[in-house]
Amino acid sequence: MACNELVNVKKTLLHSPICRLKRMLQQLEVSDVDFEELKRNLEFTASLLEALYTDGTQPPFDADDDLQLRSDVVPVEVRDWLASTFTQRVQPISRRPEEKPRFRSIVHAVQAGIFVERMFRKAYSAAMPDQPADVLNCLRDLDRWSFDVFALDAVSSGHSLKTLFIELIIKHQLNSRFKVPISCLISFLCELERGYSKHTNAYHNHTHAADVTHTVHCLLMRTGVLYSMTELEVLACLFAAAIHDYEHTGNTNNFHIYTRSELAMIYNDHSVQESHHVSAAFRILQDENTNILMNLTRPEWLELRSLVIEMVLGTDMSSHVLQVKAMRTCLQQHESIDKAKALSLILHAADISHPAKSWSLHSRWTPRLMEEFFTQGDKEAELGLAISPLCDRQNTPVAQSQIAFIEFIVEPTFSLISDMSEKIVIPLIQDTTDASPTCSRYRELQWTVADLVSFRSLWMRHTEENKSRWMAKMKNGVSDFRDESETQTGQETA
Ligand SMILES: Nc1nc2c(ncn2[C@@H]2O[C@H](COP(=O)(O)O)[C@@H](O)[C@H]2O)c(=O)[nH]1
Ligand SMILES: [Zn+2]
C-alpha cells in the first residue's frame, strides 16, 4: 500500500477512538459521569487502539479461501503450510513485525533508491565498451518492425543477442529497477550465446534468440500491451525471449522422443526441448557470477520464474492449437484476460513472426530453417527412421509449405494478438480519460491505439506479400527457395 493511502487508512481508524476520548474528557469536566458508560467507552477505545497497534502483523493472506479452513480451529503455521503445499499460490515471505519500515526509514529508502539508480546508470556507462558507430546506427531502428537483426549480428561481430539484450534492459530501465550488476549481465549473455552455438544450428541459434527478443519488445510497444505491464513482467518477457531456445539441439521434439534421447528420458517426452531450455537457463543463474536476478526479492523471483516457465513452455508448437483456442474463447466470452496467457501468446507469436515481416527478412530465415529440417532428415535416413514431414532434402515442397504455414498458423496467431491487444489496451484509455483527459499518459495511449490499428495492416501487408512471393516461385517452377542475395554471395554463416 502506498504511504499516503496507509496514512489515510490510519487517520480514518483513529477518528473514532479520538472522538470517544474527547467525549469522556468533557463528561469528566462537567462531572456528568455514568461509570458504566465510561467503562464501556474505555473498553471500546482500548480495543480499537489495540487493533490498530497489531495491524500489519497478520499473515498477508490466508489459506481459508482455497481450503475453506476455519481460522479459529487451524493454527496460522498449519494454514500457511496447507496454503503453500496444497494450493497453487506462491506465498510471499511475510515481513516480521520488527522489520516493518517506519516512516523515516521509508524516506531514507526512497533517497537511497534514487542514489542507487544514479550509481547504476554511472556503472553501466562506465562498464559498457563504446559501441562502434555501425552498431549504434543499427540500434536506432530498435522500435521498428523492420529491424534487421542480421545486420546487427554482422556489425556486432556475431554478438547480436548480447548487444540487443543489454540495449533493451537499459531502454526499459530494468537494470536500475532490479539492480542487475553489469558484470553479471555480460557474463550471463556470454554463457547464453555459448549455449546457443553448442549444436551449430542453421536456424535455432543466438541470432534467432535475438530476433525473438527484439520482436517481443516490438510487439509489446506496437500493441500497447506494455502499458498494462509491471516492470517485473517486462523483465520476464525479455528474459524468456532471450532464453527460449537455449541449447537447442537442432531437432524436433518428436525426433527426441523417437530416438529416446537423454532429454526425452529426463522430461518424460513432455515439451522435451522447451523444458530443457528453461531449466538449463535457470541453471546459469545458480552461479553468482552470472546471476542477473540476484537482487530480486524472493516473491519477485518466484513470480518471474513462474512467468518465464509458462511462457517458454508455451513455445512448444504442439500447444499452438490449444493456446489459440483458449484465447479466442476468452475473447468471445468477454472473460478477463490472464496476463501469463497473454504474454505466452506474445512470445509464441514472436517465435513464428518472420513470415509476418518483410520478404528481405523472411526469405533469409526460411532457408536456415529448411537446412535445419533437412539435416534432421539426413540423420533420420541414417538411423533407418521414417523421414519427418518437411525434412526430406529431395522431396519437400518448400513454397507450398510456407504458404500453408502463413495461412493456417501465422495469420490466425497475429490476428488473435491484434484482437487481444485491443481488448487489453482500450480499457486503459478509458481509465485514463476518467482520471485526466489531458495527461501525457492519455496522449501516449491514444498514439498506441493508432499504432495498434496500423500494426494490424502492417503485418497483414507482409503476410500477403510473402504468400504472393511463394506463389510466384511455385508458378514459375522455381525450386530454389533461397533468398536471391544469399545465392549470390553464398550462404551466410549461421
Ligand atoms: N514450416 C515452417 N515452420 C516454421 C517457420 N518458422 C517457424 N516455424 C516453426 O515454428 C517453430 C517455432 O518454435 P521454436 O521455439 O522451435 O523456434 C519452429 O521450430 C518451426 O517448427 C516457417 O517459416 N515455416
Ligand atoms: Zn524459437
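Here, each number is a calculation from the coordinates, and none is a lab measurement. The shown structure was predicted, so the numbers you read here are calculated from the model rather than taken from an experiment. Positions of Cβ are generated from backbone atoms using ideal geometry, with glycine treated the same way; all protein chains shown enter the neighbour counts.
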task: DSSP loop (so not H, G, I, E, B), at most 15 other Cβ within 10 Å: list which GluC sites (Glu not before Pro) in region 257-302 pass both filters.
output: E288
- prompt: Could you put W459, W447, W145 in order, starting from the residue whose Cβ has the fewest other Cβ atoms within 10 Å?
  reply: W447, W145, W459
- request: Would you mind putting 409-422, 186-199 in packing order, based on average other-beta-carbon counts within 10 Å, highest first?
  value: 409-422, 186-199
field: Cβ-derived FRET efficiency at R0 51 Å, S468 paired with K198, nearest 0.05
entry: 0.85
query: Among 302-313, 379-390, how do they line up from the highest to the lowest mean number of other beta-carbon atoms within 10 Å?
result: 302-313, 379-390
task: May I ask you to derive the FRET efficiency for S318 and S146 from their Cβ-Cβ distance with R0 = 25 Å, giving the value to the nearest 0.05?
output: 0.20
statement: For S457 and S358, extending 7 Å from Cα along the Cα-Cβ vector and measuring point to point gives, in nm, a value of 1.9
query: How much length is gained on full extension from H334 to Q400, taking 0.36 nm per residue of separation minus their Cα-Cα distance?
result: 20.1 nm
- request: With the Cα gyration tensor of region 321-445 in hand, give its eigenvalues times 5 under a square root as the equivalent ellipsoid semi-axes, listed largest first in whole angstrom.
  value: 41, 17, 11
field: Pairwise label distance in nanometres, D392 with S125, each label 7 Å out on the Cα-Cβ vector
entry: 6.1
- prompt: For region 448-453, in order, what is each residue's ³J(HN,Hα) by Karplus, 6.51 cos²θ - 1.76 cosθ + 1.60 with θ = phi - 60°, in whole Hz (x at glycine and Pro)?
  reply: 4, 5, 4, 4, 4, 5
- prompt: When the Karplus curve 6.51 cos²θ - 1.76 cosθ + 1.60 is applied with θ = phi - 60°, which whole-Hz ³J(HN,Hα) does each residue of region 197-206 get, with x for Gly and Pro?
  reply: 9, 4, 10, 5, 7, 6, 10, 7, 10, 5
- prompt: Pulled fully out, how much extra length does the chain show between Q27 and A381, if you take 0.36 nm times their separation in residues and subtract their Cα-Cα distance?
  reply: 117.5 nm
